[in-house]
1. How many of the residues making up region 6-40 are in a loop (DSSP other than H, G, I, E, B) and either surrounded by 20 or more Cβ atoms within 10 Å (Cβ to Cβ) or acidic (D, E) (or both)?
2. Looking for whichever is under 19 Å from S73 (Cα atoms) and at pLDDT below 95 here; the options are G40, G34, G23. Which one fits?
Amino acid sequence: MPDDDFEVEILENEVVVVHMNEGQVYHFPIELDGTVSLNGSYLEPNSEAEQWTRIHVLEAYKAAKTAFDRSQSE
């Protein structure tokens, strides 16, 4: 799935990822060691697309991690 399926926003303590087609909002915490974690993440599901939640979570995590890693190298 292309990265343009997601919109990513890096906040102070978390990375928020929105799946553009499904409307789901994923929240991934930024750990103290400066990594983005799947552990402790949560989802604001779009009730119309809830069936796709599990399918996109790993893709959303990858988008969050990639965007965060890029922001740290700038």
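1. Of the residues in region 6-40, the ones in a loop (DSSP other than H, G, I, E, B) are 11-13, 20-24, 31-35, 37-40.
Among the residues that remain, those that are also either surrounded by 20 or more Cβ atoms within 10 Å (Cβ to Cβ) or acidic (D, E) (or both) are: 12, 22, 24, 31, 33.
Final tally of qualifying residues: 5.
2. Working: G40 fails: under 19 Å from S73 (Cα atoms); G23 fails: under 19 Å from S73 (Cα atoms).
After applying the criteria, what remains is G34.
The values are calculated or read from the model by the stated rules, or taken from the named source; none is laboratory data. As the structure is a computational prediction, the values presented were derived from the model and not from experiment. We place every Cβ from the backbone using ideal geometry, glycine too, and count neighbours over all the protein chains shown.
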